[in-house]
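Student: Have a look at this one.
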Amino acid sequence: MRFYLSLFLLLSGPAIFAQGFLKANGTKLEHGSNKNVLLRGMGLGGWMLQEPYMLQLSGYSPAQYDIRKKISALVGKPKTADFYEAWLNNHCTKADIDSLASWGFNSVRLPMHFNLYTLPVEKEPVAGKQTWLNKGFALTDSLLKWCKANKIYLILDLHATPGGQGNDVAIADRDSTLPSLWDSRANQVKTIALWKKLATRYAKEEWIGGYDLINEPNWGFENKDDKNGAAEKTNIPLKKLLQEITAAIRTVDKHHLIFIEGNCWANNFNGIFPLWDKNMAISFHKYWNYTDDASIRGFIEQREKFNVPVWMGETGENSNTWFTGAVQLFERNNIGWCMWPLKKTGLNNPLQVKINPGYQAILDYWKGKGNKPSATDATTALMQFARDTKNENNIVHLDVADAMIRQVQLDAALPFKQNRVSNDVILFGSDYDIGRSGMAYHDKDSAEYWVATTKRTPWNTGGLYRNDGVDIEKCMDKISNGYNVGWIQDGEWLQYTVFAENASAYDVNVRFAAVHDGATVQLLLNDQPAGDQLSLNATGDYQTWKTASIKNIPLVKGWNRLRLLAVRGGFNLNYLQFTVPGATAQHQPATEKK
C-alpha cells in the first residue's frame, strides 16, 4: 500500500493558497486575487450529528436524540455523556484534515448541530434569551486551526437547526413531538442569533470559506401533505428566514460568502430568486441519479440567468465509478463539490469505522436479535466504538479518495498493493488494480442510479473490502486475505499490474469455487491472450475451493499487466498463485478446504 500511496500523493492536486476571502464574482467563486476557485471538498458527517444509518441503525432509530436515549437506557446518563465526549474528541482530529489535504481535497464542510453551541428553546432558563455553550465553538476553533495549517477552506453548515428544518428527521435530529423550526418563532430567532454569534467569532478568518445557512430544508409550506417540499411553488417562509439570517450576519461580517440551499433537500429554489446579497452562492445536493449534463441542467440555467455561483454542497454514498463520473460532471461545468461523508461504519467513504463485537451485540439487542448486554459490557463496547472513530483506528479506503481526485483526470490503473511476483507468490483476487471501470476491472453493475431509474442496482453485491463494481464477500478458504471475488458474470475481468523479479515463464494457479461446470477463464498479458483457456469444473459449493493451472505465462522482468477474463462466469475467485515449473516451493501450495 505504501507504493500506491506514494504515487497517489504525487498525482493528487495541490491545495488552494488563499489570497483573501472566498467570494462570488458573477457566476464564479474566486479568492481575493480574482482567481477562479474550484472547491474539492469532504463533509464531516457523523461527528457533531449522528445519523442512524452511519451507526447501522437505519430503520431502528429515527434520529440522534433517540440513539442517545437507547444508550442511556443501557449504561445510564453519566456513561452516555462519557461516550459522547469521547465521540466528539476522537471522530475528527488534525490527522483527518491532514489526510484530506494530502489526498488533494481543498475544503471541508462542517455539519453543525445547534445543541453544541446553544441550549434548545425548551431548555432555556429564561424564555427568549440565548445560552451559549462552549463545546461547539471550541470544536470549531480546533477544526479551523487544522484547516488553516493545511491551507484548505472550512465551510460552516448548520445541519441541525433549532427545532429541525424538515420531515426527514434523521438529518436534523428533529424530535417531531416538539415544534419544528417552521412552527416556532423562538426556534427561528435562536437560529438567527446562532449565525450572528458564529459570524462575529469568525468574521476575520479568511480560511472560513463561507456560511451554509440551513442544510436541506424539506417542508411543505403550502401543502402539509407535500412533506418534503418537492412541489412547493413559493417557499416564502424559507426565503424570509434566509433573508433574516443574512441581515444578521451582515451587521457583523461583510466579507464571508453565504451559501443558500433550496427546499426539498436543497433542490427546489422556486420563489427564492432574485437573491438579496451580492456575495452569495446557491448550493444543490445530488444523490443516486445520472452523472450527465442533463442531471444538473436546471442549476446551470439558474446560474446563468441570475448571475450567481453554484456549489454542489453534498453528494456521495455511491460507488467509485459514480464518484468519478460525478466529479467530472461538476468540474467540466466549473462547479465545486463536496462529498459525504469522510467516515462512517460503511465502506463507500475514504475512512471506515470498525464495528467491534460488543457494539454488534448492542445492535443485535436493539434490533431484537440478541440479549440485552450488561451495563459494563455495553459501556466497554461503546467506548471502544468511540475510540475506533479516531483516524489512526480507521480502515482506510484510498480507492475512494482516488476515484474522487486522481481518476477524474487520469485513466491509468495503479497497483492496489506491491505485487512483486516470484516463485510461489500468491496474489489475492480482491487486490486487483485501483482505477476506473474499464481500466482496472470490468463489472456489469458499477453504480447506483435508483433516483433516476427507480431500480436498485448494488454495485458490490458482497458489500465488503472495496467500493468498485467488483462483488466481494467473506472468504472461507484456508488461505485468503479474508475476501473473495464472487458473482462473476460472462465477460467480466480483473486486472493486476505485477512486478516480476525475473523474466520467466510462470504457471498461474487459479484458486476458484463453483457450483456448476462450464466456467471458463482466459489470461491476457498486456492485452494479448496468454496461455490456453482454462475450464473450471464444479467444486460443489461457492466456498469449496480447488486449484487449476494455466501453464507457461511469459512475464518479462519488471512491470507486467495481467488480466483474468471470465469468458464464462459462474465461479468465485480467491487468488492467483505464480509458480516457476521445477523450482522449489517457498510455501505449501493451497489446497481445498476440508
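The values are calculated or read from the model by the stated rules, or taken from the named source; none is laboratory data. Quick caveat, the model's predicted, so the values are computed rather than measured. Cβ coordinates were reconstructed from backbone atoms using ideal geometry, including for glycine residues, and neighbour counts include every protein chain displayed.
Student: Hey, does segment 469-482 have a residue that's surrounded by fewer than 19 Cβ atoms within 10 Å (Cβ to Cβ), of a type in the set (A, V, I, L, M) and not in a loop (DSSP other than H, G, I, E, B)?
Tutor: Checked against the condition, which is being surrounded by fewer than 19 Cβ atoms within 10 Å (Cβ to Cβ), of a type in the set (A, V, I, L, M) and not in a loop (DSSP other than H, G, I, E, B), segment 469-482 yields no hits at all.
Student: Of all residues in segment 494-511, which are of a type in the set (A, V, I, L, M, F, W, C), surrounded by 19 or more Cβ atoms within 10 Å (Cβ to Cβ) and either more than 32 Å from the chain's Cα centre (by Cα) or over 21 Å from PRO581 (Cβ atoms) (or both)? Quick ask: steps written out before the conclusion?
Tutor: Pass one, segment 494-511, residues of a type in the set (A, V, I, L, M, F, W, C): 494, 498-500, 503, 505, 508, 510.
If we keep only those that are surrounded by 19 or more Cβ atoms within 10 Å (Cβ to Cβ) too, we end up with 494, 498, 500, 508, 510.
Across segment 494-511, the qualifying residues are LEU494, ALA500, VAL508, VAL510.
Student: Checking the conditions here, which among ILE249, ILE296, ILE245, ILE258 is more than 14 Å from LYS196 (Cα to Cα) and assigned by TED's automatic domain parsing to the domain that holds THR315?
Tutor: Answer to the check: ILE296.
Student: Scan segment 117-139 residue by residue and report those that are surrounded by fewer than 19 Cβ atoms within 10 Å (Cβ to Cβ) and in a helix (DSSP H, G or I). Write out each step before concluding.
Tutor: Applying the first criterion (surrounded by fewer than 19 Cβ atoms within 10 Å (Cβ to Cβ)) to segment 117-139 yields 119-120, 122-135, 137-138.
Residues satisfying the conditions are GLU122, LYS123, ASN134, LYS135, PHE137, ALA138.
Student: Conditions: (1) more than 30 Å from THR376 (Cβ to Cβ); (2) among the acidic types (Asp, Glu); (3) surrounded by fewer than 21 Cβ atoms within 10 Å (Cβ to Cβ); (4) touching a residue at least 40 places away in the same chain (Cβ under 8 Å). ASP96 meets all but one. Number of the miss?
Tutor: All conditions pass for ASP96, except number (3).
Student: Moving to a separate point now. Please determine, by comparing only the residues of segment 215-255 that are among the aliphatic types (A, V, I, L, M) and in a helix (DSSP H, G or I), which one is farthest from ASN279 (Cα to Cα). Break it down stepwise before answering.
Tutor: First, the residues of segment 215-255 that are among the aliphatic types (A, V, I, L, M): 230-231, 236, 238, 241-242, 245, 247-249, 252.
When the remaining residues are screened for being in a helix (DSSP H, G or I), the result is 236, 238, 241-242, 245, 247-249.
Working: ILE236: 21, LEU238: 19, LEU241: 17, LEU242: 14, ILE245: 14, ALA247: 12, ALA248: 15, ILE249: 12 Å.
By that ranking, first place goes to ILE236.
Student: Now for a separate question. Could you go through segment 178-198 and let me know if any residue there is touching a Phe, Trp or Tyr at 6+ places or on another chain (Cβ under 7 Å) and of a type in the set (S, T, N, Q).
Tutor: Within segment 178-198, not a single residue is touching a Phe, Trp or Tyr at 6+ places or on another chain (Cβ under 7 Å) and of a type in the set (S, T, N, Q).
Student: For residues that are under 22 Å from the mean Cα position of the chain (by Cα) and among the hydroxyl-bearing types (Ser, Thr, Tyr), scanning just segment 242-298, find the one that is farthest from LYS204 (Cα to Cα).
Tutor: This residue is TYR290.
Student: Starting from residues that are of a type in the set (S, T, N, Q) and in contact with a helix residue (DSSP H, G or I) (Cβ under 9 Å, 6 or more places away or on another chain), keep the ones in segment 201-226 and report whichever is farthest from THR118 (Cα to Cα). Let's see the steps before the verdict.
Tutor: Residues of segment 201-226 of a type in the set (S, T, N, Q): 215, 218, 223.
Of the ones still in play, those that are also in contact with a helix residue (DSSP H, G or I) (Cβ under 9 Å, 6 or more places away or on another chain) are 215, 218.
On the way: ASN215: 18, ASN218: 23 Å.
Out of the qualifying residues, it is ASN218.
Student: OK, next. Answer yes or no: is there a residue in segment 265-287 that is free of Cβ contacts under 8 Å to residues at least 60 places away in the same chain and at positive phi.
Tutor: There is at least one residue in segment 265-287 that is free of Cβ contacts under 8 Å to residues at least 60 places away in the same chain and at positive phi.
Student: Somewhere in segment 555-566, is a residue outside any loop (DSSP other than H, G, I, E, B), free of Cβ contacts under 8 Å to residues at least 60 places away in the same chain and either out of contact with any Asp or Glu (no Cβ under 8 Å at 6 or more places or on another chain) or farther than 27 Å from GLY435 by Cβ (or both)?
Tutor: Within segment 555-566, one or more residues are outside any loop (DSSP other than H, G, I, E, B), free of Cβ contacts under 8 Å to residues at least 60 places away in the same chain and either out of contact with any Asp or Glu (no Cβ under 8 Å at 6 or more places or on another chain) or farther than 27 Å from GLY435 by Cβ (or both).
Student: Output the residue which, of all residues in segment 396-446 that are in contact with a Leu (Cβ under 7 Å, 6 or more places away or on another chain) and assigned to a strand (DSSP E or B), is farthest from ARG511 (Cα to Cα).
Tutor: Ranking the candidates gives VAL396 first.
Student: Let me ask something additional. Being in contact with a strand residue (DSSP E or B) (Cβ under 9 Å, 6 or more places away or on another chain), of a type in the set (Gly, Ala, Ser) and closer than 20 Å to THR544 by Cβ narrows it down to one of GLY486, GLY463, so name that one.
Tutor: On the way: GLY463 fails: closer than 20 Å to THR544 by Cβ.
It is GLY486.
Student: Check off (1) under 30 Å from GLY26 (Cβ atoms); (2) at pLDDT below 95 for GLU301 and give me the number that stays unchecked.
Tutor: (2)
Student: Test ASP443 against the criterion of being among the charged types (D, E, K, R) and at pLDDT below 95, and give yes or no.
Tutor: In short, no.
Student: So TRP311 fits all but one of (1) surrounded by fewer than 22 Cβ atoms within 10 Å (Cβ to Cβ); (2) under 22 Å from TRP340 (Cα atoms); what number is the exception?
Tutor: With respect to (1) surrounded by fewer than 22 Cβ atoms within 10 Å (Cβ to Cβ); (2) under 22 Å from TRP340 (Cα atoms), TRP311 is out only on (1).
Student: Can you tell me which condition ILE245 does not meet? The list is (1) surrounded by fewer than 18 Cβ atoms within 10 Å (Cβ to Cβ); (2) free of Cβ contacts under 8 Å to residues at least 60 places away in the same chain, and all the others hold.
Tutor: Here ILE245 meets the rest and fails (1).
Student: Does LEU464 satisfy the criteria of being in the same structural domain as LEU562 (by TED's automatic domain parsing) and within 30 Å of LYS286 (Cβ to Cβ)?
Tutor: Numbers: in the same structural domain as LEU562 (by TED's automatic domain parsing): yes; within 30 Å of LYS286 (Cβ to Cβ): yes.
So LEU464 passes the test.
Student: Also, quick follow-up: Sort through SER142, SER180 and tell me the only one that's of a type in the set (S, T, N, Q) and either in a strand (DSSP E or B) or within 25 Å of GLY271 (Cβ to Cβ) (or both).
Tutor: Just one listed residue meets the conditions, SER180.
Student: Restricting to segment 447-461, name every residue that is part of a loop (DSSP other than H, G, I, E, B) and surrounded by fewer than 19 Cβ atoms within 10 Å (Cβ to Cβ).
Tutor: TYR449, THR454, LYS455, ARG456, THR457, PRO458, THR461
Student: Scan segment 317-334 and tell me whether some residue there is touching an Asp or Glu at 6+ places or on another chain (Cβ under 6 Å) and under 26 Å from LEU410 (Cβ atoms).
Tutor: First, the residues of segment 317-334 that are touching an Asp or Glu at 6+ places or on another chain (Cβ under 6 Å): 318, 320.
Now restrict to residues that are under 26 Å from LEU410 (Cβ atoms): 318, 320.
Yes - at least one qualifying residue is present in segment 317-334.
Student: Okay, next question. Quick one: in segment 169-187, which of the residues that are farther than 17 Å from MET112 by Cβ and of a type outside the set (A, V, I, L, M, F, W, C) is surrounded by the most Cβ atoms within 10 Å (Cβ to Cβ)?
Tutor: SER180
Student: Starting from segment 422-435, keep only residues that are closer than 21 Å to LYS474 by Cβ, then list their pairs with residues that are at pLDDT below 95 and in a strand (DSSP E or B) whose Cβ atoms are within a distance under 8 Å, requiring at least 6 positions of separation or different chains.
Tutor: That search, which allows pairs on different chains as well, returns LEU427/VAL421.
Student: Just a yes or no: is a residue in segment 214-236 crowded, with 18+ Cβ neighbours inside 10 Å, over 23 Å from the mean Cα position of the chain (by Cα), hydrophobic (A, V, I, L, M, F, W, C) and assigned by TED's automatic domain parsing to the domain that holds MET312?
Tutor: yes
Student: Identify the single condition in (1) in contact with a strand residue (DSSP E or B) (Cβ under 8 Å, 6 or more places away or on another chain); (2) basic (Lys, Arg); (3) within 16 Å of PHE83 (Cβ to Cβ) that ARG387 does not satisfy, given that it satisfies every other one.
Tutor: Among (1) in contact with a strand residue (DSSP E or B) (Cβ under 8 Å, 6 or more places away or on another chain); (2) basic (Lys, Arg); (3) within 16 Å of PHE83 (Cβ to Cβ), the lone unmet condition for ARG387 is (1).
Student: Could you check how many residues of segment 256-308 are assigned to a helix (DSSP H, G or I) and under 16 Å from ASN215 (Cβ atoms)?
Tutor: 4
Student: Can you tell me which residue in segment 371-406 is farthest from ALA73 (Cα to Cα), limited to those that are among the β-branched types (Val, Ile, Thr) and surrounded by fewer than 20 Cβ atoms within 10 Å (Cβ to Cβ)?
Tutor: Taking segment 371-406 as the starting set, the residues that turn out to be among the β-branched types (Val, Ile, Thr) are 376, 379-380, 389, 395-396, 400, 405.
Then drop every residue that is not surrounded by fewer than 20 Cβ atoms within 10 Å (Cβ to Cβ), which leaves 376, 380, 395-396.
Numbers: THR376: 13, THR380: 15, ILE395: 30, VAL396: 33 Å.
Looking at the filtered set, the residue picked out is VAL396.
Student: Does TRP195 count as surrounded by 20 or more Cβ atoms within 10 Å (Cβ to Cβ) and either without any contact (Cβ under 8 Å) to a residue 24 or more places away in the chain or among the aromatic types (Phe, Trp, Tyr) (or both)?
Tutor: For TRP195, the condition - surrounded by 20 or more Cβ atoms within 10 Å (Cβ to Cβ) and either without any contact (Cβ under 8 Å) to a residue 24 or more places away in the chain or among the aromatic types (Phe, Trp, Tyr) (or both) - is met.
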